[in-house]
1. Mind ranking PHE103, PHE127 by accessible surface for me, highest first, 1.4 Å probe?
2. In nm, give the distance between the simple-model label positions of SER89 and PHE45, each being 7 Å from the Cα along the Cα-to-Cβ direction.
3. Please list, ordered by chain and number, the residues whose modelled amide H lies under 5 Å from the amide H of LEU130; skip anything fewer than 5 residues away on the same chain.
4. 5 Å is the cut-off here: which amide hydrogens, built 1.01 Å from N in the peptide plane, fall below it relative to ASP173, excluding neighbours closer than 5 in sequence?
5. Could you please put TRP51, TRP184, TRP171 in sequence from largest to smallest accessible area, using a 1.4 Å probe?
6. Which value, to two decimals, describes the C-alpha radius of gyration of the chain once divided by 2.2 N^0.38 Å?
7. How large is the helix-only mean residue ellipticity at 222 nm for the chain, computed as the sum of -39500 (n - 2.57) over DSSP H runs with n ≥ 4, divided by its residue count, in deg cm²/dmol to the nearest 500?
8. Please say if the stretch 121-181 is rounded, prolate or oblate, where rounded means a/c under 1.5 for a ≥ b ≥ c the square roots of the C-alpha gyration tensor eigenvalues, and otherwise the choice is prolate for a/b larger than b/c and oblate otherwise?
Amino acid sequence: MRPRLETKRLVLRLAEPLEAHLVVDYLDRNRAHLARWEPDPPPGFYTEAYWRERIHQLRREEDEGRLVRVHMFERGARDARVVGTIGLSNIVRGAFHNAHLGFGLDGALEGHGYMREALEAMIEYAFGPLELHRLEANHQPHNLRSAGLLRRLGFVPTGYARDYLHIDGTWRDHVQTALINDRWRKSSRSS
Ligand SMILES: CC(C)(COP(=O)(O)OP(=O)(O)OC[C@H]1O[C@@H](n2cnc3c(N)ncnc32)[C@H](O)[C@@H]1OP(=O)(O)O)[C@@H](O)C(=O)NCCC(=O)NCCS
(Lines give C-alpha, C1' and ligand atoms only; values in the text may rest on other atoms or scores of the structure.)
Protein backbone atom coordinates (compact mmCIF):
# COMPACT_ATOMS: atom_id res chain seq x y z
CA MET A 1 0.00 0.00 0.00
CA ARG A 2 1.72 3.20 -1.19
CA PRO A 3 0.11 6.41 0.14
CA ARG A 4 -0.31 9.81 -1.53
CA LEU A 5 -1.53 12.19 1.16
CA GLU A 6 -2.51 15.83 0.70
CA THR A 7 -2.54 18.46 3.43
CA LYS A 8 -3.19 22.19 3.20
CA ARG A 9 0.36 23.00 2.07
CA LEU A 10 1.96 19.64 1.25
CA VAL A 11 1.80 16.47 -0.81
CA LEU A 12 3.28 13.39 0.86
CA ARG A 13 4.37 10.56 -1.42
CA LEU A 14 7.41 8.43 -2.18
CA ALA A 15 9.54 10.11 -4.86
CA GLU A 16 9.71 8.32 -8.23
CA PRO A 17 13.08 6.82 -9.31
CA LEU A 18 13.21 9.58 -11.97
CA GLU A 19 12.99 12.15 -9.16
CA ALA A 20 16.15 10.85 -7.46
CA HIS A 21 17.83 14.19 -8.21
CA LEU A 22 15.19 15.98 -6.08
CA VAL A 23 15.97 13.72 -3.12
CA VAL A 24 19.71 14.32 -3.53
CA ASP A 25 19.12 18.07 -3.78
CA TYR A 26 17.16 18.01 -0.47
CA LEU A 27 19.83 15.93 1.28
CA ASP A 28 22.65 18.07 -0.08
CA ARG A 29 20.96 21.35 0.96
CA ASN A 30 20.47 19.93 4.45
CA ARG A 31 23.70 18.00 5.02
CA ALA A 32 24.79 20.01 8.06
CA HIS A 33 21.24 20.49 9.39
CA LEU A 34 20.46 16.74 9.41
CA ALA A 35 23.90 15.37 10.35
CA ARG A 36 23.34 16.00 14.09
CA TRP A 37 20.10 14.05 14.19
CA GLU A 38 20.15 11.30 11.57
CA PRO A 39 22.15 8.03 11.37
CA ASP A 40 25.48 8.19 9.58
CA PRO A 41 24.81 8.04 5.79
CA PRO A 42 25.94 4.93 3.87
CA PRO A 43 28.41 5.23 0.96
CA GLY A 44 26.86 6.86 -2.13
CA PHE A 45 24.06 8.47 -0.11
CA TYR A 46 24.40 11.82 -1.90
CA THR A 47 24.22 10.41 -5.43
CA GLU A 48 21.30 9.95 -7.84
CA ALA A 49 22.39 6.37 -8.59
CA TYR A 50 22.04 5.46 -4.90
CA TRP A 51 18.53 6.97 -4.68
CA ARG A 52 17.25 5.46 -7.94
CA GLU A 53 18.08 2.00 -6.55
CA ARG A 54 16.99 2.87 -3.00
CA ILE A 55 13.55 4.05 -4.17
CA HIS A 56 13.04 0.72 -5.97
CA GLN A 57 14.06 -1.05 -2.77
CA LEU A 58 11.71 1.12 -0.67
CA ARG A 59 8.86 0.22 -3.04
CA ARG A 60 9.61 -3.50 -2.62
CA GLU A 61 9.78 -3.23 1.17
CA GLU A 62 6.57 -1.21 1.18
CA ASP A 63 4.83 -3.87 -0.94
CA GLU A 64 5.96 -6.43 1.65
CA GLY A 65 4.35 -4.33 4.40
CA ARG A 66 7.64 -3.67 6.18
CA LEU A 67 7.73 0.14 5.93
CA VAL A 68 6.16 3.28 4.53
CA ARG A 69 8.31 6.18 3.36
CA VAL A 70 7.13 9.52 1.98
CA HIS A 71 8.88 12.61 0.71
CA MET A 72 7.29 15.98 1.42
CA PHE A 73 6.57 18.18 -1.62
CA GLU A 74 5.15 21.71 -1.53
CA ARG A 75 1.65 21.73 -2.94
CA GLY A 76 1.15 23.73 -6.14
CA ALA A 77 4.86 24.60 -6.47
CA ARG A 78 5.90 25.32 -10.08
CA ASP A 79 9.15 23.38 -9.69
CA ALA A 80 8.85 20.19 -7.62
CA ARG A 81 11.14 20.23 -4.60
CA VAL A 82 11.56 17.77 -1.73
CA VAL A 83 11.31 19.61 1.59
CA GLY A 84 11.31 16.73 4.06
CA THR A 85 10.89 13.03 4.68
CA ILE A 86 8.80 10.84 6.97
CA GLY A 87 9.26 7.13 7.51
CA LEU A 88 7.37 4.39 9.29
CA SER A 89 9.92 1.59 9.60
CA ASN A 90 10.20 -1.78 11.31
CA ILE A 91 6.48 -2.45 10.95
CA VAL A 92 5.67 -5.50 13.08
CA ARG A 93 2.24 -7.13 13.01
CA GLY A 94 1.25 -10.18 15.12
CA ALA A 95 0.29 -8.99 18.59
CA PHE A 96 2.22 -5.70 18.19
CA HIS A 97 1.06 -3.62 15.16
CA ASN A 98 3.88 -1.20 15.85
CA ALA A 99 6.19 0.99 13.74
CA HIS A 100 9.09 3.37 14.35
CA LEU A 101 8.41 6.94 13.19
CA GLY A 102 11.26 9.05 11.80
CA PHE A 103 11.21 12.50 10.16
CA GLY A 104 13.31 15.37 8.93
CA LEU A 105 12.47 18.82 7.51
CA ASP A 106 14.36 21.28 5.31
CA GLY A 107 16.19 23.57 7.75
CA ALA A 108 14.96 26.64 5.83
CA LEU A 109 11.32 25.70 6.59
CA GLU A 110 11.61 25.09 10.33
CA GLY A 111 9.24 27.03 12.55
CA HIS A 112 6.20 27.16 10.23
CA GLY A 113 4.31 24.07 11.34
CA TYR A 114 5.09 22.07 8.17
CA MET A 115 6.19 18.94 9.98
CA ARG A 116 3.27 19.03 12.36
CA GLU A 117 0.89 19.33 9.40
CA ALA A 118 2.62 16.41 7.64
CA LEU A 119 2.80 14.19 10.72
CA GLU A 120 -0.88 14.70 11.55
CA ALA A 121 -1.72 13.32 8.08
CA MET A 122 0.79 10.50 8.41
CA ILE A 123 -0.52 9.45 11.83
CA GLU A 124 -4.08 9.50 10.45
CA TYR A 125 -2.87 7.17 7.70
CA ALA A 126 -0.94 4.91 10.11
CA PHE A 127 -3.87 4.55 12.51
CA GLY A 128 -6.48 4.44 9.71
CA PRO A 129 -5.73 2.49 6.49
CA LEU A 130 -2.50 0.99 7.86
CA GLU A 131 -4.25 -0.18 11.05
CA LEU A 132 -1.27 0.25 13.36
CA HIS A 133 -1.85 0.30 17.10
CA ARG A 134 1.32 2.04 18.24
CA LEU A 135 3.95 4.42 16.88
CA GLU A 136 7.31 4.76 18.56
CA ALA A 137 9.46 7.88 18.04
CA ASN A 138 12.83 8.38 19.65
CA HIS A 139 14.83 11.59 19.91
CA GLN A 140 18.14 12.73 21.40
CA PRO A 141 17.60 14.43 24.77
CA HIS A 142 18.78 17.82 23.46
CA ASN A 143 16.66 17.70 20.27
CA LEU A 144 14.15 20.15 21.71
CA ARG A 145 12.34 20.84 18.40
CA SER A 146 11.64 17.15 17.91
CA ALA A 147 10.67 16.69 21.58
CA GLY A 148 8.23 19.63 21.43
CA LEU A 149 6.67 18.47 18.18
CA LEU A 150 6.17 14.92 19.47
CA ARG A 151 4.63 16.22 22.70
CA ARG A 152 2.20 18.44 20.76
CA LEU A 153 1.17 15.40 18.70
CA GLY A 154 0.38 13.42 21.87
CA PHE A 155 3.46 11.18 22.11
CA VAL A 156 4.41 10.37 25.70
CA PRO A 157 7.83 9.31 27.05
CA THR A 158 8.17 5.55 27.60
CA GLY A 159 11.85 5.19 28.45
CA TYR A 160 15.45 6.23 28.01
CA ALA A 161 17.77 4.25 25.73
CA ARG A 162 21.47 4.63 26.37
CA ASP A 163 23.81 4.53 23.31
CA TYR A 164 20.77 3.88 21.10
CA LEU A 165 21.85 5.05 17.60
CA HIS A 166 25.19 5.76 15.93
CA ILE A 167 24.84 9.38 14.80
CA ASP A 168 27.41 11.96 13.77
CA GLY A 169 30.32 9.71 14.66
CA THR A 170 29.31 8.23 18.01
CA TRP A 171 26.59 6.37 19.96
CA ARG A 172 23.83 8.71 21.12
CA ASP A 173 21.33 8.29 23.95
CA HIS A 174 17.65 8.67 22.99
CA VAL A 175 14.41 9.47 24.81
CA GLN A 176 11.78 6.94 23.72
CA THR A 177 8.20 8.08 23.18
CA ALA A 178 5.04 6.44 21.84
CA LEU A 179 1.55 7.23 20.62
CA ILE A 180 -1.27 4.71 21.00
CA ASN A 181 -4.19 4.29 18.59
CA ASP A 182 -7.20 4.16 20.91
CA ARG A 183 -9.51 3.54 17.92
CA TRP A 184 -7.72 0.29 16.95
CA ARG A 185 -10.06 -2.61 16.16
CA LYS A 186 -9.19 -6.22 15.32
CA SER A 187 -9.39 -6.84 11.53
CA SER A 188 -8.04 -9.12 8.80
CA ARG A 189 -4.54 -7.64 9.30
CA SER A 190 -4.60 -8.68 12.96
CA SER A 191 -4.88 -12.42 12.33
C1 LIG B 1 12.23 18.16 14.26
C2 LIG B 1 11.74 19.11 13.17
C3 LIG B 1 10.99 18.32 12.10
C4 LIG B 1 10.80 20.15 13.80
O5 LIG B 1 10.43 21.12 12.83
P6 LIG B 1 9.51 22.36 13.27
O7 LIG B 1 9.28 23.21 12.10
O8 LIG B 1 10.09 22.97 14.49
O9 LIG B 1 8.18 21.60 13.71
P10 LIG B 1 6.64 22.00 13.62
O11 LIG B 1 6.08 21.60 12.32
O12 LIG B 1 6.00 21.45 14.84
O13 LIG B 1 6.62 23.58 13.70
C14 LIG B 1 6.54 24.20 14.97
C15 LIG B 1 6.93 25.63 14.86
O16 LIG B 1 6.19 26.24 13.79
C17 LIG B 1 5.45 27.38 14.32
N18 LIG B 1 4.26 27.53 13.47
C19 LIG B 1 4.09 28.54 12.58
N20 LIG B 1 2.97 28.35 11.91
C21 LIG B 1 2.40 27.22 12.38
C22 LIG B 1 1.21 26.53 12.07
N23 LIG B 1 0.36 26.94 11.11
N24 LIG B 1 0.92 25.38 12.75
C25 LIG B 1 1.75 24.92 13.72
N26 LIG B 1 2.92 25.56 14.05
C27 LIG B 1 3.23 26.70 13.38
C28 LIG B 1 5.26 27.04 15.75
O29 LIG B 1 5.01 28.18 16.53
C30 LIG B 1 6.60 26.44 16.09
O31 LIG B 1 7.57 27.46 16.12
P32 LIG B 1 8.73 27.51 17.24
O33 LIG B 1 9.48 26.21 17.14
O34 LIG B 1 9.55 28.67 16.85
O35 LIG B 1 8.01 27.62 18.53
C36 LIG B 1 12.94 19.86 12.50
O37 LIG B 1 13.55 20.65 13.48
C38 LIG B 1 13.97 18.94 11.88
O39 LIG B 1 13.79 18.41 10.78
N40 LIG B 1 15.10 18.73 12.58
C41 LIG B 1 16.21 17.94 12.07
C42 LIG B 1 15.88 16.47 11.94
C43 LIG B 1 15.30 15.89 13.20
O44 LIG B 1 15.58 16.34 14.30
N45 LIG B 1 14.50 14.85 13.04
C46 LIG B 1 13.89 14.16 14.15
C47 LIG B 1 14.84 13.20 14.75
S48 LIG B 1 14.14 12.50 16.22
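The values are calculated or read from the model by the stated rules, or taken from the named source; none is laboratory data. All of these numbers come straight from a predicted model, not from anything done at the bench. Positions of Cβ are generated from backbone atoms using ideal geometry, with glycine treated the same way; all protein chains shown enter the neighbour counts. SASA here: full protein model, heavy atoms, side chains in, ligands and nucleic acids out. Shrake-Rupley method; radii C 1.70, N 1.55, O 1.52, S 1.80 Å.
1. The ranking, largest first, comes out as PHE103, PHE127.
2. The modelled label-to-label distance comes out at 1.0 nm.
3. Result for LEU130 returns nothing.
4. ASP163, TYR164
5. Result, largest first: TRP171, TRP184, TRP51.
6. Ratio of Rg to 2.2 N^0.38 Å for the chain: 1.00.
7. Helix contribution divided over all residues of the chain: -8500 deg cm²/dmol.
8. On the way: a/c = 2.28, a/b = 1.96, b/c = 1.16.
Verdict is prolate for the stretch 121-181.
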